[in-house]
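The values are calculated or read from the model by the stated rules, or taken from the named source; none is laboratory data. If you're wondering where the values come from, they're calculated on a predicted model, not measured in any experiment. Note that we place each Cβ from the backbone using ideal geometry, even for glycine, and neighbour counts take in every protein chain shown.
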Amino acid sequence: MANFPPQFIDEVLSRTDVIEVIGRHVELKRSGANLMGLCPFHHEKSPSFSVSADKQLYYCFGCGKGGGAFQFLMDMDGYSFPEAVEYLAEKAGLELPQDNPESREKEQKQAAQRRKALQLLQEVSDAFAAQLHGSAGHKAMAYTKQRGLPEHIVRDYQLGFAPDGYGFMQRVFGADARRLAQLEAVGMLFKNERGYADRFRGRLMFPIRDKRGAVVGFGGRIMGEGEPKYLNSPETPWYHKSDVLYGLSEHRDAIRKRKMLLVVEGYMDVLALAGFDLPIAVAASGTSIGERQLREIFRLCESPIFCFDGDKAGYQAAWRALERMLPILKPEYQPKFLYLPDGEDPDSLLQKEGKGAFESRMTSQAKPVLDTWMLGLQRLAGSGADGLARMAKKADQMLEKMSDNYLRQAWKQKVESETGIQLQIIGSNRRFSVPKPRAVHLQVKPMLYDEFMAGLLQKPERISTLPEEAKDFFLDNELYYQIYTRVFSWQGSKTDQGITLAQHLQRDFPEAVQEIARWMNQEPVLDINFASVVLDMRMRLLQRQMTNQNDLAETTRLAKLEAELKQELKTLNAEIEEQHRGNE
């Protein structure tokens with residue numbers, strides 16, 4: 001359910017502790033009124049990530065990320081807003097609200113089906129794991145040792161074995177018609193002319209998990225001769241190949257901590273890297289990597305390395321990945337591409353060279369995405385004047401897919417420099433124009449405005465001390481003005497259900513989550529400093545009024561008031577300076 005009533009959002013927040021949510025990923029230590037830790041969103045050596053237990057907000061003074069419990073789950077774990085609400089509601093023991101009895105019954109049925117399906121898939125995974133560690137899995141277990149997988153990797157990633165022949169699922173789960181239908185629904189059985197049959201037989205099994213860590217499908221490698229070499233679960237309501245990444249749930253925290261992510265082609269590569277203490281890899285699930293998976297990758301790490309074999313198939317796979325990332329590329333993303341020697345993969349190179357040499361390859365041989373694109377264009381186009389024309393034409397077609405105007409211009413200039421041909425991108429006049437800022441976003445945020453809003457939100461009772469003209473503050477900033485007037489509307493009233501003013505504002509102004517978090521988590525604004533800021537704000541308002549004033553008498557009056565305010569501000573600033581000297 002995407003549209004939750006405000007009362008339900010407030011109830012979820014009132015039962016959620018942001019410290020507990022963040023504490024799963026960040027080690028927090030008390031520092032004054034707040035808790036501090038190393039930011040999980042960017043690399044830093046000194047803690048700048050602040051969490052307020054009182055305000056239930058976090059803010060990083062290094063990278064500017066901020067928000068509450070919902071925003072943290074969205075930024076850290078890649079949840080959508082509805083998923084974050086549902087996750088915290090479930091942890092709090094709250095039932096999701098429904099619009100009407102029909103939708104309530106439908107959604108409850110779907111939720112129950114999902115729970116049952118995921119529980120069944122976990123039981124299947126347990127059954128496969130038991131087979132691997134039993135006599136039937138001797139050959140498959142020997143294979144894992146031959147490939148150099150440590151025992152703890154086999155155990156931690158719950159590898160399993162699907163025995164040869166038919167009937168394993170029925171022997172474990174029974175032949176009840178309803179149970180067999182459930183196994184078919186989750187992709188473990190299929191129907192033929194003889195009835196139900198096991199989909200996976202004689203295969204080493206790799207459980208595939210969603211971002212919450214639940215088993216949603218499997219990949220299976222044949223043990224011995226046979227085709228296909230790898231077989232994956234079919235598409236089901238719970239398993240979509242274009243959505244999942246093998247290793248994501250297991251490696252998310254390590255990727256965040258190390259600021260490294262390696263995209264590889266196979267499950268065994270993911271596990272081999274983890275076995276060499278490099279739990280930073282993910283792999284697509286039996287298909288080329290798609291846009292949704294790429295978005296998840298960039299959400300985790302802005303500088304991932306895409307690793308491919310150095311043969312023709314590897315170059316083709318890399319090119320497909322590059323084409324699919326064009327619509328979502330931004331200047332802050334810095335993906336690289338690493339081609340391994342022909343006939344090698346991460347697993348084989350790790351066995352031959354070890355961890356240090358492989359890390360060195362990642363550092364020294366991975367090429368930036370622009371270089372990879374240029375090389376790919378040259379390989380496709382060939383040599384000579386005709387080749388340059390083909391190169392320019394292909395570049396034109398690909399740049400049409402790029403959504404970031406500035407990045408497109410940079411890439412366009414690179415191709416034109418290499419080919420000597422001016423590109424003819426359709427709609428270039430429109431696409432290359434500098435985008436106009438949205439009306440609600442302030443592109444330059446004066447420090448005065450920030451200090452005023454911080455002082456006001458930290459102590460909302462200060463509203464009652466503001467002068468009459470304060471109602472006209474921020475008329476030139478729509479977003480700040482909306483927040484400011486909302487705070488005014490709550491003056492004298494109490495928030496309900498234990499929800500703080502900041503949490504109310506975050507709910508009502510999701511586009512300003514980071515600004516609100518910054519205001520609430522920065523150093524407290526003292527009363528005397530706030531009084532100085534208010535005087536400064538009054539001065540700015542006066543100056544704006546004088547600029548738009550044509551009446552001489554009124555201009556004279558405003559100028560006199562401005563002089564009085566300047567003197568008052570000068571006196572107050574002298575007092576602040578005196579206090580500072582006294583505190584030294």
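So if I check each of Leu329, Leu300, which one is of a type in the set (A, V, I, L, M), under 27 Å from Asp243 (Cβ atoms) and modelled with pLDDT under 90? It would help to see each step written out before you state the result.
Numbers: Leu329 fails: modelled with pLDDT under 90.
Answer to the check: Leu300.
What number of residues in the stretch 216-250 are under 13 Å from Ser285 (Cα atoms), touching a Pro at 6+ places or on another chain (Cβ under 8 Å) and aliphatic (A, V, I, L, M)?
0
Is it fair to say Tyr143 is in contact with a helix residue (DSSP H, G or I) (Cβ under 8 Å, 6 or more places away or on another chain) and either over 23 Å from Ile9 (Cβ atoms) or charged (D, E, K, R) (or both)?
No; evaluated as a whole, the condition is false for this residue.
Would you mention how many residues in the stretch 256-268 are surrounded by fewer than 23 Cβ atoms within 10 Å (Cβ to Cβ), in a loop (DSSP other than H, G, I, E, B) and in contact with a helix residue (DSSP H, G or I) (Cβ under 9 Å, 6 or more places away or on another chain)?
Residues flagged as surrounded by fewer than 23 Cβ atoms within 10 Å (Cβ to Cβ), in a loop (DSSP other than H, G, I, E, B) and in contact with a helix residue (DSSP H, G or I) (Cβ under 9 Å, 6 or more places away or on another chain) within the stretch 256-268 amount to 3.
Checking the structure you have, find out if any residue of the stretch 353-374 is in contact with an Asp or Glu (Cβ under 6 Å, 6 or more places away or on another chain), outside the structural domain of Val415 (by TED's automatic domain parsing) and under 30 Å from Phe41 (Cβ atoms).
So in the stretch 353-374, the residues in contact with an Asp or Glu (Cβ under 6 Å, 6 or more places away or on another chain) come out as none.
No, the conditions are met nowhere in the stretch 353-374.
Name the residue that is nearest to His251 (Cα to Cα), counting only residues in the stretch 14-34 that are in contact with a Gly (Cβ under 7 Å, 6 or more places away or on another chain) and surrounded by 12 or more Cβ atoms within 10 Å (Cβ to Cβ).
Ranking the candidates gives Val26 first.
Of the residues that make up the stretch 119-130, is at least one outside any helix (DSSP H, G or I) and touching a strand residue (DSSP E or B) at 6+ places or on another chain (Cβ under 7 Å)?
First, the residues of the stretch 119-130 that are outside any helix (DSSP H, G or I): none.
Within the stretch 119-130 (the criterion being outside any helix (DSSP H, G or I) and touching a strand residue (DSSP E or B) at 6+ places or on another chain (Cβ under 7 Å)), the answer is no, since none of the residues qualifies.
Out of curiosity, is Ile328 touching a helix residue (DSSP H, G or I) at 6+ places or on another chain (Cβ under 8 Å) and farther than 22 Å from Gln365 by Cβ?
Yes: the conditions hold for Ile328.
Where residues in the stretch 536-584 are assigned to a loop (DSSP other than H, G, I, E, B) and farther than 20 Å from Lys471 by Cα, which of them is modelled with the lowest pLDDT?
Pass one, the stretch 536-584, residues assigned to a loop (DSSP other than H, G, I, E, B): 548-551, 584.
Remaining after also requiring farther than 20 Å from Lys471 by Cα: 550-551, 584.
Numbers: Asn550: 68, Asp551: 72, Glu584: 57.
Among those that are assigned to a loop (DSSP other than H, G, I, E, B) and farther than 20 Å from Lys471 by Cα, it is Glu584.
Inspect all residues belonging to the stretch 42-51 and state whether any of them is crowded, with 19+ Cβ neighbours inside 10 Å, out of contact with any Asp or Glu (no Cβ under 6 Å at 6 or more places or on another chain) and modelled with pLDDT under 90.
Looking through the stretch 42-51, none of the residues is crowded, with 19+ Cβ neighbours inside 10 Å, out of contact with any Asp or Glu (no Cβ under 6 Å at 6 or more places or on another chain) and modelled with pLDDT under 90.
Criterion first (of a type in the set (Gly, Ala, Ser) and at pLDDT 95 or above) does Ala92 satisfy it?
The answer is no for Ala92.
Would the stretch 208-216 turn up any residue that is without any contact (Cβ under 8 Å) to a residue 24 or more places away in the chain, surrounded by fewer than 18 Cβ atoms within 10 Å (Cβ to Cβ), out of contact with any helix residue (DSSP H, G or I) (no Cβ under 6 Å at 6 or more places or on another chain) and not hydrophobic (A, V, I, L, M, F, W, C)?
no
Could you list, in sequence order, all residues of the stretch 327-364 that are without any contact (Cβ under 8 Å) to a residue 12 or more places away in the chain and under 30 Å from Thr419 (Cβ atoms)? Give the steps one after another, and end with the answer.
First, pick out the residues of the stretch 327-364 that are without any contact (Cβ under 8 Å) to a residue 12 or more places away in the chain: 348, 352-353, 356-357, 360, 363-364.
Of everything in the stretch 327-364, just one residue is without any contact (Cβ under 8 Å) to a residue 12 or more places away in the chain and under 30 Å from Thr419 (Cβ atoms), namely Ser364.
Yes/no per residue for (1) within 25 Å of Arg15 (Cβ to Cβ); (2) surrounded by 13 or more Cβ atoms within 10 Å (Cβ to Cβ); (3) at pLDDT below 80:
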{"position": "Ala454", "(1), (2), (3)": "no, yes, no"}
{"position": "Thr465", "(1), (2), (3)": "no, no, no"}
{"position": "Asp472", "(1), (2), (3)": "no, yes, yes"}
{"position": "Asn477", "(1), (2), (3)": "no, yes, yes"}
{"position": "Arg486", "(1), (2), (3)": "yes, yes, yes"}
{"position": "Ser489", "(1), (2), (3)": "no, no, yes"}
{"position": "Leu501", "(1), (2), (3)": "yes, yes, yes"}
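Would you call Arg431 surrounded by 14 or more Cβ atoms within 10 Å (Cβ to Cβ), modelled with pLDDT of 90 or more and not aliphatic (A, V, I, L, M)?
no
Residues being closer than 22 Å to Glu451 by Cβ and either more than 49 Å from the chain's Cα centre (by Cα) or not assigned by TED's automatic domain parsing to the domain that holds Ala454 (or both): count how many of those fall in the stretch 532-570.
1
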